[in-house]
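Beneath this line is the structure, given in structure tokens, with notes to follow.
The numbers here are math on the coordinates, done by the rules we state, and not lab data. Small disclaimer: the values here were computed from a predicted structure and weren't measured. Neighbour counts run over all protein chains shown; Cβ positions are idealised from the backbone, glycine included.
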Amino acid sequence: MQLHTTALVIFCFFFAAVTLAGFWAAKWRRPKAGMGSLEEWGLAGRSFGTWVTWFLIGGDLYTAYTVIAVPAALYGAGAMGFFAVPYAVIAYPYMMLVLPRLWEVCHRHGYVTFADFVGGRYGNRWLTIAIALTGVLALMPYIALQLVGIRVVIEALGVRGEWPLAVAFVILAAYTYSSGLRAPAVIAIVKDVMLYVMVLAALIYIPYKLGGYARVFELANQALALHTPSATVYLRQGQFLGYSTLAIGSAIALMLYPHTATAVLSAKSANVVRRNAAMLPAYSFLLGLIALLGYVALAAGVVTKNPNEAVPLLFLKMFPEWFAGFCLSAIAIGALVPAAIMSIAASNLFTRNLYGAVVRRKMLPEEESRMAKVVSLVVKFGALLFVLKLPAPYAIEMQLLGGIWMGQLFPSVVVGVFSRWFHPWALLVGWAAGMFSGTAMAVSLGLKSSVYPLHFGGSTYAMYAAVPALILNLLVSVVLTVVFRAVKVGEGSDVTDAAAYVG
């Protein structure tokens, strides 16, 4: 593969600049007491205002793999890949309704994770461990996918070997360890500005060169017709249910991911969370533009067996090398922000809700912070090994399971913030039923898809596996709640303040 020297130099310049910004962030808004607690290191002291939170949540949700995988879905499968746009539209009203109330409860009681909230709400250690374990398992392939995104970009530049990815990992690990959540917050601002410049330039300049958007859609449709299986730029009969359940199920899972919790709980007030729910649809607009890059790549004649390479190859083909380098650096930097937040979220869960629940000992703030820093390194190292030792499709396939798993937290977390009607042991059994059934559906498809053909009443309904798994989860939880209450099974105690749920 050709080495794109000019693009590589520009890429390295911007990557080095954000690395320095990541280390500088250790001093940004640093409290006089230092970073000696998990709340300071893992949530930046809950000090972020509206704009910083907006960039942080946006940088958290719109990852490098979003920029690569969403256009790749349209490049390979046509209109079905557009489900990411309506799911983002659904997610923000859901966020407005749920997350400010969760923030109030977590802030009042010093909770760092949603598993902390579940532990306080239901008083059941095993349910807390189940929630935390689900989060950690779902995050590992998600972090690995960010590294996959960086590797795709580096390979497109013509650089071979694993050492560039290892260098990126070391840099990420070092500034996350020293700066905590402040590092991705600073970098998110730079990354988002670069992404907007990249996307707007690509969707104005390239279609203009190709003859306009009517021509882009025409050429994309012709190219998709030649795929195996063939696809189109519009949904076909039989795809509607799969498309809609993918959007709904993904929206439910999105706000339950631990890295979403970490970004939201770093806000300094519930009003900041509400303002962000109102402002974040600007990212939905960006996501729609990003998705169109898949069709633009088809129209531009980009040919690759790996759809994930479509966007990097499009930029290298259609832009001058210096601007292609800028665009590819924006994508790679877009991996650093979510990877850092995800590793912090995983370490928060392990420290507070897995290790803490097992040893049953209240650790000092300094002990929690030290352990979380070390665990964040272990998590990133595990993700790096995942990428280096296993084929990239493994990470992608595992990520399909991640979304299915996270949806199973809905009864405990989302319903729990409005009502404590469910019995905690019923929630635990319901969680297990949802996890098992959702995983079984995905495995039966060879982990190649998450849209499962459900046979019911003599008909077949192709839908996102997370949705029927969640329905089973809720049914089991409802039935067992009635049964356990009837036989007077102990249901723990709610130690959260009722006043936190008002408003």
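Name the chymotrypsin sites (Phe, Trp or Tyr not before Pro) in segment 394-444 that are in a loop by DSSP and that have at most 16 other C-beta atoms within 10 Å, would you?
Within segment 394-444, the qualifying chymotrypsin sites (Phe, Trp or Tyr not before Pro) (loop, at most 16 other Cβ atoms within 10 Å) are PHE418, TRP421.
Provide the per-residue ³J(HN,Hα) series for segment 2-19, in order, calculated from phi with Karplus coefficients 6.51, -1.76, 1.60 and θ = phi - 60°, each as a whole number of Hz, with x at glycine and proline positions.
Per residue, the Karplus-derived 3J(HN,Hα) values read 5, 8, 8, 5, 4, 4, 5, 5, 4, 4, 5, 4, 5, 5, 5, 5, 6, 5 Hz.
When Cα extents along the principal axes in Å is calculated directly from the model, which label among [x] 76, 58, 41; [y] 69, 65, 42; [z] 67, 62, 47 fits?
The value matching this structure is [y].
How far, in degrees from 0 to 90, does helix 321-349 lean away from the longest principal axis of the Cα atoms of the chain, to the nearest 10?
Helix 321-349 sits at roughly 10 degrees to that axis.
In nm, give the distance between the simple-model label positions of ALA17 and LEU454, each being 7 Å from the Cα along the Cα-to-Cβ direction.
So the two model labels end up 4.9 nm from each other.
State whether segment 154-195 is rounded, prolate or oblate according to the following rule on the C-alpha gyration tensor (a ≥ b ≥ c being the square roots of its eigenvalues): a/c under 1.5 gives rounded; otherwise a/b larger than b/c gives prolate, and the remaining case gives oblate.
oblate
How far, in nm, would the chain grow between MET96 and LYS209 when pulled straight, counting 0.36 nm per residue and subtracting the alpha carbon separation?
Using 0.36 nm per residue and subtracting the Cα-Cα distance, I get 36.6 nm.
If contacts are Cα pairs under 8 angstrom and at least 6 residues apart, what is the relative contact order of segment 128-243 in percent?
Here the relative contact order equals 8 percent.
Expressed as a rounded percentage, what relative contact order does the chain have, with Cα pairs under 8 Å and six or more residues apart?
31
Students often check this: by mean Cβ neighbours within 10 Å, which of 259-269, 79-89, 445-455 ranks highest, and how do the rest follow?
259-269, 79-89, 445-455
With a 10 Å Cβ neighbour count serving as the proxy for reagent exposure, in which order, fewest first, do VAL159, VAL495 appear?
Least to most surrounded, the residues fall as VAL495, VAL159.
I need the shape label for segment 335-476. Rule: rounded when a/c is under 1.5, else prolate if a/b > b/c, else oblate, with a, b, c from the alpha carbon gyration tensor.
Taking the square roots of the gyration eigenvalues as a ≥ b ≥ c, segment 335-476 is oblate.
Apply the Karplus curve 6.51 cos²θ - 1.76 cosθ + 1.60, θ = phi - 60°, to the phi angles in segment 141-147 and return the couplings in whole Hz, x for Gly and Pro.
Values, residue by residue: x, 5, 5, 4, 5, 5, 5 Hz.
Which order results if GLU368, GLU309 are arranged by neighbouring Cβ count within 10 Å, fewest first?
In order of increasing Cβ crowding within 10 Å: GLU309, GLU368.
Would you mind ranking HIS4, HIS423 so that the residue whose beta carbon has the fewest other beta carbons within 10 Å leads the list?
Result, fewest neighbours first: HIS4, HIS423.
Once amide H atoms are placed 1.01 Å from N in the peptide plane, what residues at a sequence separation of 5 or more from TYR461, or on another chain, have their amide H within under 5 Å of its amide H?
LEU454, HIS455, PHE456
How many percent of Cα pairs in segment 231-271 exceed 16 Å?
57
Treating the beta-carbon of each Lys and Arg as +1 and of each Asp and Glu as -1, no other charges, what is the dipole magnitude of the chain about its Cα centre, to the nearest 20 debye?
640
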